[in-house]
Amino acid sequence: MGRKPTRATPALSPPPSPTREIRRAQLDMSFEDQSLLVPLFGEFDANLVQVENRLGVFISARGDKLHIEGPEDSVARARDVLQTMYDRLAMGQDLDAGAIESLIAMSNEPTLDGIVTGEPETPPIMIRTRRKTIVPRSATQASYMRQLSRDDIIFALGPAGTGKTYVAVAQAVSQLITGSVQRLILSRPAVEAGERLGFLPGDMKEKVDPYLRPLYDALYDCMPPEQVDRRIASGEIEIAPIAFMRGRTLADAFVILDEAQNTTREQMKMFLTRFGQNSRMVVCGDPKQVDIPGGNSQSGLADAVGRLEGVDGIAVTRFTAADVVRHPIVGRIVEAYEGKAE
């Protein structure tokens, strides 16, 4: 049974600055499709409370109308967020606490309308899969999604929780479904320091599967499990450690390398030179989480980005803690760790 959310107790406001007084505002909103009001407001008005607490406004609901009060800038942001929440529901898209948190974060970006709805002459940025439609949850994700549909090789750098791998898998699934690629190949270093698997029990699949589980999870989230299993059995989807890429040419394929910061320079060169005709390659990793001996100086990811950034057909996206789209506390954890001296 869901617990009723609580509204934050307003803090006592300091006296207005003699140089700048905070302007207060009130705003009324109404929504045409009343069938969307329950998912818009959330259970016990949880979604409204989330917007209130994060933006420092007061929202009251009466029928199909909302009344918003608070600082002028915050009221405008709340209006934009609520309207975008409604628009997403109207398009049949999911709306959960994480999506709302991302919209709130993006509401401070001047390009929010362009990210969510597209400019008048431009279609919205989105990736359609069998199970869901993915839209950007940060300005950086919007740029990343454009690169995924345009460039040959994309390096996605940044902390956990920013959607680097998940969005890449969604794009790969979308292209596999539409037939623009024939295969989907997902890879990552099996273990951090050289893929020494002999001491693990079981056959090779049983040895490496635990290290590849995050890739399976992303696939199952974008495609029905029975289709994933069928395509793996037929070879349309391949999930394997990077060592299995040696000696191959990966043509007509969407290829993703995850945890790339834990590849050596030799492994990275080997992987990138597997690129074949009509393929796309995405290399994801967090340069601050290098686990191989020698640290960042030996990382194939850092070396490759240093050599290849700016080369035609190769794009680089850098995510930060501000782009974390998991639970808000993940972003705060990343910021806390990144703020510590190495």
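What the table below lists for this structure:
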item	result
Solvent-accessible area of LYS269 with every protein chain in place, 1.4 Å probe, in Å² to the nearest 10	140 Å²
Placed amide H near PHE155: partners under 5 Å, 5+ positions off or other chain	VAL283, ALA315, VAL316, THR317
Other-chain or far-sequence residues with amide H under 5 Å of ARG274's (modelled H)	none
Order of exposure, largest accessible area first, which applies to GLU32, GLU72, GLU266 with probe 1.4 Å	GLU32, GLU266, GLU72
Extension gain from ARG130 to ARG213, taking 0.36 nm per residue of separation minus the Cα-Cα distance	27.8 nm
Heavy-atom accessible area order for LEU184, LEU308, largest first, 1.4 Å probe	LEU308, LEU184
Cα-based shape type of the range 242-342, given that a ≥ b ≥ c are square roots of the gyration tensor eigenvalues and the cut on a/c is 1.5	prolate
Order of exposure, largest accessible area first, which applies to GLU238, GLU335 with probe 1.4 Å	GLU335, GLU238
For the range 228-237, 3J(HN,Hα) per residue [Karplus equation, 6.51 cos²θ - 1.76 cosθ + 1.60, θ = phi - 60°, Hz, x = Gly/Pro]	4, 4, 5, 6, 5, 5, 7, x, 5, 10
Computed accessible area, PHE58, all protein chains, 1.4 angstrom probe, square angstrom	100 Å²
Other-chain or far-sequence residues with amide H under 5 Å of ILE256's (modelled H)	ILE185, LEU186, SER187, VAL282
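The values are calculated or read from the model by the stated rules, or taken from the named source; none is laboratory data. The structure presented is a predicted model; accordingly, all values stated were derived computationally and were not measured. Side chains included, ligands, DNA and RNA excluded: accessible areas come from the protein's heavy atoms. Shrake-Rupley method; radii C 1.70, N 1.55, O 1.52, S 1.80 Å.
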